[in-house]
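The values are calculated or read from the model by the stated rules, or taken from the named source; none is laboratory data. It should be emphasised that the depicted structure is a prediction, and the values quoted were computed from it without experimental measurement. Cβ sites come from the backbone with ideal geometry, for glycine too, and all protein chains shown count toward neighbours. In case anyone asks, the SASA skips ligands and DNA or RNA and just uses the protein heavy atoms, side chains included. Shrake-Rupley method; radii C 1.70, N 1.55, O 1.52, S 1.80 Å.
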Amino acid sequence: MKVMLLLFILPFLTTVTVRAAMRAKDISPLAIEYFVSSDLKALLRRLDASLQKNDPTLYATLQAPLTDAEIQALEKKYDTKVPAELRELYRWKNGQRVDGKTRSLFGSKTFMTLEEALLNRDELNDLTTSEQTEDQFKIRNWWRVSWIPIFENGGGDYLCYDTEGTFTGKPNQIVDYYHGENYRRVVAPTLTAMLEAITTIVDKQIEDEDDYTRAHHPGYPRRFDLTE
(Lines give C-alpha, C1' and ligand atoms only; values in the text may rest on other atoms or scores of the structure.)
Protein backbone atom coordinates (compact mmCIF):
# COMPACT_ATOMS: atom_id res chain seq x y z
CA MET A 1 0.00 0.00 0.00
CA LYS A 2 2.81 2.43 0.90
CA VAL A 3 4.62 1.69 -2.34
CA MET A 4 1.46 2.29 -4.39
CA LEU A 5 0.88 5.60 -2.60
CA LEU A 6 4.47 6.65 -3.20
CA LEU A 7 4.23 5.88 -6.90
CA PHE A 8 1.05 7.96 -7.08
CA ILE A 9 2.53 11.08 -5.48
CA LEU A 10 6.00 10.98 -7.05
CA PRO A 11 5.04 12.83 -10.26
CA PHE A 12 3.65 15.71 -8.18
CA LEU A 13 6.82 16.24 -6.15
CA THR A 14 9.42 18.73 -7.33
CA THR A 15 13.03 17.77 -7.85
CA VAL A 16 14.01 20.41 -5.30
CA THR A 17 11.72 18.85 -2.70
CA VAL A 18 13.10 15.39 -3.28
CA ARG A 19 16.74 16.53 -3.22
CA ALA A 20 16.12 18.28 0.10
CA ALA A 21 14.62 15.09 1.48
CA MET A 22 17.59 13.12 0.16
CA ARG A 23 19.97 15.39 2.05
CA ALA A 24 17.89 14.90 5.20
CA LYS A 25 17.78 11.12 4.52
CA ASP A 26 14.00 11.30 4.88
CA ILE A 27 12.97 9.57 1.68
CA SER A 28 12.76 5.99 0.51
CA PRO A 29 15.31 4.42 -1.88
CA LEU A 30 12.45 3.94 -4.35
CA ALA A 31 11.82 7.69 -4.54
CA ILE A 32 15.53 8.44 -4.91
CA GLU A 33 15.85 5.94 -7.77
CA TYR A 34 12.75 7.40 -9.45
CA PHE A 35 14.01 10.97 -9.45
CA VAL A 36 17.61 10.13 -10.29
CA SER A 37 16.36 8.16 -13.27
CA SER A 38 13.85 10.82 -14.29
CA ASP A 39 16.31 13.71 -14.24
CA LEU A 40 19.25 11.91 -15.80
CA LYS A 41 17.29 10.03 -18.41
CA ALA A 42 15.91 13.28 -19.83
CA LEU A 43 19.37 14.88 -19.92
CA LEU A 44 21.02 11.78 -21.39
CA ARG A 45 18.36 11.58 -24.10
CA ARG A 46 19.15 15.18 -24.99
CA LEU A 47 22.91 14.50 -25.03
CA ASP A 48 22.40 11.37 -27.11
CA ALA A 49 20.36 13.22 -29.74
CA SER A 50 22.83 16.12 -29.83
CA LEU A 51 25.83 13.81 -30.31
CA GLN A 52 24.11 11.91 -33.11
CA LYS A 53 23.25 15.15 -34.89
CA ASN A 54 26.31 17.30 -34.25
CA ASP A 55 29.17 14.84 -33.75
CA PRO A 56 28.37 11.39 -35.18
CA THR A 57 32.06 10.44 -35.27
CA LEU A 58 32.39 10.95 -31.52
CA TYR A 59 29.04 9.25 -30.95
CA ALA A 60 30.29 6.18 -32.80
CA THR A 61 33.03 5.69 -30.18
CA LEU A 62 30.45 5.26 -27.39
CA GLN A 63 29.86 1.65 -26.39
CA ALA A 64 26.58 -0.17 -25.92
CA PRO A 65 24.75 0.40 -22.61
CA LEU A 66 25.00 -2.02 -19.72
CA THR A 67 21.99 -3.98 -18.56
CA ASP A 68 21.02 -4.09 -14.89
CA ALA A 69 22.27 -7.68 -14.79
CA GLU A 70 25.67 -6.63 -16.15
CA ILE A 71 25.94 -3.82 -13.60
CA GLN A 72 25.02 -6.22 -10.80
CA ALA A 73 27.66 -8.68 -12.00
CA LEU A 74 30.31 -5.97 -11.83
CA GLU A 75 29.09 -4.96 -8.37
CA LYS A 76 29.55 -8.54 -7.24
CA LYS A 77 32.96 -8.89 -8.92
CA TYR A 78 34.31 -5.71 -7.30
CA ASP A 79 32.35 -6.06 -4.04
CA THR A 80 30.76 -2.64 -4.32
CA LYS A 81 27.49 -0.80 -4.86
CA VAL A 82 27.35 1.50 -7.87
CA PRO A 83 25.65 4.81 -6.99
CA ALA A 84 22.22 5.37 -8.56
CA GLU A 85 23.41 8.23 -10.80
CA LEU A 86 26.29 6.17 -12.18
CA ARG A 87 23.98 3.22 -12.77
CA GLU A 88 21.84 5.49 -14.94
CA LEU A 89 24.89 6.86 -16.76
CA TYR A 90 26.09 3.37 -17.66
CA ARG A 91 22.60 2.31 -18.67
CA TRP A 92 23.03 5.01 -21.33
CA LYS A 93 26.51 4.09 -22.63
CA ASN A 94 29.34 1.98 -21.27
CA GLY A 95 32.22 4.37 -21.91
CA GLN A 96 34.14 4.92 -25.13
CA ARG A 97 36.24 2.70 -27.37
CA VAL A 98 39.65 4.31 -27.21
CA ASP A 99 42.38 4.25 -29.85
CA GLY A 100 44.90 6.78 -31.06
CA LYS A 101 42.21 8.76 -32.89
CA THR A 102 39.49 8.81 -30.23
CA ARG A 103 38.45 12.31 -29.21
CA SER A 104 37.54 13.13 -25.63
CA LEU A 105 34.01 13.61 -24.38
CA PHE A 106 34.96 16.05 -21.59
CA GLY A 107 38.01 18.32 -21.87
CA SER A 108 41.00 16.08 -22.57
CA LYS A 109 39.41 13.00 -21.01
CA THR A 110 37.55 10.04 -22.45
CA PHE A 111 34.60 8.23 -20.88
CA MET A 112 35.68 5.03 -19.07
CA THR A 113 33.78 1.75 -19.07
CA LEU A 114 32.28 0.82 -15.72
CA GLU A 115 34.72 -2.05 -15.30
CA GLU A 116 37.67 0.28 -16.01
CA ALA A 117 36.26 2.72 -13.47
CA LEU A 118 35.93 0.11 -10.72
CA LEU A 119 39.29 -1.51 -11.49
CA ASN A 120 41.18 1.80 -11.43
CA ARG A 121 39.35 2.85 -8.26
CA ASP A 122 40.42 -0.34 -6.50
CA GLU A 123 44.02 0.05 -7.64
CA LEU A 124 44.16 3.63 -6.33
CA ASN A 125 42.44 2.60 -3.10
CA ASP A 126 45.10 -0.08 -2.61
CA LEU A 127 47.84 2.54 -3.02
CA THR A 128 46.15 4.69 -0.39
CA THR A 129 45.86 1.94 2.21
CA SER A 130 49.10 0.04 1.58
CA GLU A 131 51.92 0.41 4.11
CA GLN A 132 54.37 0.51 1.19
CA THR A 133 52.47 3.26 -0.61
CA GLU A 134 54.20 6.05 -2.50
CA ASP A 135 54.83 9.23 -0.51
CA GLN A 136 52.26 11.37 -2.33
CA PHE A 137 49.46 9.01 -1.33
CA LYS A 138 50.21 9.90 2.28
CA ILE A 139 49.22 13.50 1.57
CA ARG A 140 45.75 14.29 2.88
CA ASN A 141 43.12 14.08 0.12
CA TRP A 142 45.65 13.01 -2.51
CA TRP A 143 43.21 10.21 -3.25
CA ARG A 144 39.96 9.30 -1.47
CA VAL A 145 38.30 5.91 -1.38
CA SER A 146 35.00 7.73 -1.98
CA TRP A 147 36.13 8.73 -5.49
CA ILE A 148 35.12 6.67 -8.53
CA PRO A 149 37.02 7.61 -11.72
CA ILE A 150 34.71 7.86 -14.73
CA PHE A 151 36.79 9.86 -17.24
CA GLU A 152 40.54 9.57 -17.91
CA ASN A 153 43.26 11.15 -20.04
CA GLY A 154 45.33 7.98 -20.39
CA GLY A 155 48.16 9.49 -18.36
CA GLY A 156 46.95 8.80 -14.83
CA ASP A 157 44.55 11.74 -14.38
CA TYR A 158 40.83 11.20 -13.78
CA LEU A 159 37.49 12.92 -13.40
CA CYS A 160 35.90 11.26 -10.39
CA TYR A 161 32.40 10.92 -9.00
CA ASP A 162 32.79 11.80 -5.31
CA THR A 163 30.24 10.09 -3.07
CA GLU A 164 31.62 11.76 0.06
CA GLY A 165 31.84 15.45 -0.79
CA THR A 166 35.57 15.95 -0.20
CA PHE A 167 36.59 19.59 0.35
CA THR A 168 33.00 20.95 0.12
CA GLY A 169 30.86 18.55 2.16
CA LYS A 170 28.56 18.15 -0.88
CA PRO A 171 28.33 14.52 -2.04
CA ASN A 172 28.07 13.43 -5.67
CA GLN A 173 30.23 16.24 -7.03
CA ILE A 174 32.85 15.78 -9.78
CA VAL A 175 36.51 16.00 -8.71
CA ASP A 176 39.53 16.34 -11.01
CA TYR A 177 42.34 14.03 -9.80
CA TYR A 178 45.87 14.82 -11.00
CA HIS A 179 48.57 12.21 -10.44
CA GLY A 180 51.36 14.80 -10.46
CA GLU A 181 49.86 18.00 -9.04
CA ASN A 182 49.44 19.19 -5.43
CA TYR A 183 45.92 20.49 -5.92
CA ARG A 184 42.49 19.17 -6.86
CA ARG A 185 39.54 20.83 -8.57
CA VAL A 186 35.85 20.30 -8.02
CA VAL A 187 34.91 20.86 -11.64
CA ALA A 188 31.14 20.56 -11.20
CA PRO A 189 28.80 20.41 -8.19
CA THR A 190 26.90 17.41 -9.62
CA LEU A 191 27.08 14.82 -12.36
CA THR A 192 24.11 16.51 -13.99
CA ALA A 193 25.99 19.82 -14.11
CA MET A 194 28.91 18.13 -15.86
CA LEU A 195 26.65 16.43 -18.39
CA GLU A 196 24.84 19.72 -19.03
CA ALA A 197 28.22 21.29 -19.85
CA ILE A 198 29.05 18.46 -22.26
CA THR A 199 25.66 18.76 -23.94
CA THR A 200 26.00 22.53 -24.33
CA ILE A 201 29.39 22.12 -25.99
CA VAL A 202 28.08 19.43 -28.34
CA ASP A 203 25.22 21.80 -29.19
CA LYS A 204 27.98 24.27 -30.14
CA GLN A 205 26.61 26.93 -27.80
CA ILE A 206 29.88 27.23 -25.87
CA GLU A 207 33.47 26.00 -26.35
CA ASP A 208 34.75 25.34 -22.84
CA GLU A 209 33.28 23.28 -19.99
CA ASP A 210 34.60 25.65 -17.33
CA ASP A 211 32.94 28.63 -19.01
CA TYR A 212 29.58 26.86 -18.83
CA THR A 213 30.09 25.89 -15.20
CA ARG A 214 31.12 29.41 -14.16
CA ALA A 215 28.04 30.87 -15.86
CA HIS A 216 25.52 28.39 -14.42
CA HIS A 217 27.11 27.37 -11.11
CA PRO A 218 28.78 30.39 -9.49
CA GLY A 219 31.87 29.49 -7.50
CA TYR A 220 32.73 26.51 -9.67
CA PRO A 221 35.14 25.12 -10.70
CA ARG A 222 36.77 25.27 -7.26
CA ARG A 223 40.47 24.67 -6.62
CA PHE A 224 41.82 23.15 -3.40
CA ASP A 225 45.54 23.02 -2.62
CA LEU A 226 46.78 19.88 -0.88
CA THR A 227 48.89 20.02 2.27
CA GLU A 228 51.11 17.43 3.91
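So here's what we get for this one:
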quantity	calculated
Accessible surface of the range 97-165 [probe 1.4 Å, protein heavy atoms]: carbon and sulfur percent	43 percent
The range 37-130 - charge dipole about Cα centre, Lys and Arg +1 at Cβ, Asp and Glu -1, debye rounded to 20	460 debye
Peptides 162-170, 75-83 ordered by average Cβ neighbours within 10 Å, highest first	162-170, 75-83
Cβ-defined net charge surrounding residue 201, 9 Å radius [Lys, Arg +1; Asp, Glu -1]	-3
Amide H partners (placed H, <5 Å) of residue 188, local residues excluded	174
Per residue accessible area in Å² of the range 110-228, where ligands, DNA and RNA are left out and the probe is 1.4 Å	47 Å²
Spin-label proximity, residue 225 to the range 146-181 - amide N less than 14 Å from point 7 Å beyond Cα toward beta carbon	none
Under the Karplus curve 6.51 cos²θ - 1.76 cosθ + 1.60, θ = phi - 60°, whole-Hz ³J(HN,Hα) for the range 99-107, x wherever Gly or Pro sits	9, x, 9, 5, 8, 6, 9, 9, x
Theoretical gain in end-to-end length, residue 215 to residue 140 [0.36 nm per residue, Cα-Cα removed]	23.9 nm
Phi to ³J(HN,Hα) by Karplus 6.51 cos²θ - 1.76 cosθ + 1.60 over the range 57-65, Hz, x for Gly, Pro	5, 5, 4, 5, 7, 6, 8, 4, x
Alpha carbon centroid spacing (whole Å) that separates the range 49-122 from the range 156-228	18 Å
Only Lys, Arg (+1) and Asp, Glu (-1) charged, at Cβ; the range 114-228 dipole about Cα centre in debye	520 debye
Residue-normalised accessible area of the range 54-103, given per residue in Å² at a 1.4 Å probe	55 Å²
Cβ crowding within 10 Å averaged over residues, with 109-119, 60-70 ranked highest first	109-119, 60-70
Full-extension gain in nm, residue 53 to residue 182, via 0.36 nm per residue minus C-alpha separation	42.5 nm
